[in-house]
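To keep things clear, I will list the structure first and then write my remarks on it.
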Amino acid sequence: MNNKVYLGKLGKTVGLNGDLKIYLETDFPTAIKKGSKLLTNKKIVLEVEKFDSNKGIVKFNTYSNCDDAKKLTNLELYSTIEDTKELCSLKQGEYFWFDIMECNVYEDDLLLGKVTEIHRFPLSDYLEIVTDKSLVEKQLPKVFLIPYVKDEYILNVDTSSKTIKVKNSYQILENS
């Protein structure tokens, strides 16, 4: 599994001192703070000098002027799973996406499949499930989506055993 967690993308420079606009696509902006080491999609390691989450502006050590910082425009920023877990606190019943990936999904004792992707839609997040091959052999779809709605579909998530207990989801599979 990939050890990187996508945080967002760098935009244009702001001012003359090497500040950059940052477009976050994470639920955990606390992963970015002074001293954080972030990796780009070009394998450049950047150390955060300052970060203003309200203005969406970041500055990195060794990029002290506009011309140097322009080289970082449009780069994607990543943190590691370890740093994300260390810097970001979860509330009761919240999970990191990377902990939900690869979980086996069960309705009662029937293995429906495995989580391979999580999709964000305006009303809800959806788990993309690759259907267990025993069900595919019964002419059921190879892939289906389960809304991540607690109590209505999601009963229990256990990231340590990589299992998710669901209800009303076999019916979704049959009708997909």
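The values are calculated or read from the model by the stated rules, or taken from the named source; none is laboratory data. As the structure is a prediction and not an experimental result, all values here were calculated from the model. Here the Cβ is made from the backbone with ideal geometry for all residues, glycine too, and neighbour counts use every protein chain on show. All accessible areas refer to the heavy atoms of the entire protein, side chains included, with ligands and DNA or RNA removed. Shrake-Rupley method; radii C 1.70, N 1.55, O 1.52, S 1.80 Å.
Data table
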item	result
Protection-proxy order for peptides 153-164, 10-21, each taking the mean of Cβ atoms within 10 Å per residue, highest first	10-21, 153-164
Point-to-point label distance, N175-T80, nm (Cα→Cβ direction, 7 Å offset)	4.6
Per-pair calculated FRET efficiency, R0 = 25 Å: W97 and K33 via Cβ, rounded to 0.05	0.75
Local electrostatic count, I22, Cβ distance below 12 Å [Lys/Arg +1, Asp/Glu -1]	+2
Mean ellipticity per residue at 222 nm, deg cm²/dmol - from DSSP H runs of n ≥ 4 across the chain, formula -39500 (n - 2.57)	-3000 deg cm²/dmol
Where a label projected 7 Å from the Cα of V143 along Cα→Cβ would reach, residues of the range 80-112 with amide N under 18 Å	101-105, 112
Spatial extent of the chain: Rg and Dmax, with the Cα atoms as the point set, Å	20.0, 63
Label-point separation, L24 to I44 (7 Å along Cα→Cβ), nm	2.2
Cut-off under 5 Å, modelled amide H: who pairs with L155 long-range	K165, V166, K167
Cross-link pairs beyond the 20 Å C-alpha cut-off, checked among K4/K142; K4/K165; K34/K91; K114/K167; K114/K162; K34/K55	K4/K142; K4/K165; K34/K91
Computed over the chain: relative contact order in percent, which uses C-alpha pairs under 8 Å that are six or more apart	17
Whole-Hz ³J(HN,Hα) from phi, Karplus 6.51 cos²θ - 1.76 cosθ + 1.60, for the range 39-55, glycine and proline x	10, 9, 5, 9, 6, 8, 8, 10, 9, 6, 8, 7, 9, 10, 5, 5, 8
Those GluC sites (Glu not before Pro) in the range 108-173 that DSSP places in a loop and that have at most 15 other beta carbons within 10 Å	E137, E152
Equivalent ellipsoid semi-axes - Cα gyration tensor, the range 1-96, angstrom	24, 14, 11
Accessible-area value, K150, 1.4 Å probe, nucleic acids and ligands omitted, Å²	100
Under the Karplus curve 6.51 cos²θ - 1.76 cosθ + 1.60, θ = phi - 60°, whole-Hz ³J(HN,Hα) for the range 6-11, x wherever Gly or Pro sits	5, 10, x, 10, 7, x
Residues of the chain: accessible area per residue with a 1.4 Å probe, Å²	60
Distance in nm between pseudo-label sites at S53 and N156 (7 Å out along the Cβ direction from Cα)	3.3
Around E82: net Lys/Arg minus Asp/Glu count, Cβ-Cβ under 14 Å	0
Whole-Hz couplings from phi, Karplus 6.51/-1.76/1.60, listed for the range 161-176; x for Gly and Pro	9, 6, 10, 10, 9, 10, 9, 6, 9, 4, 5, 4, 4, 4, 9, 7
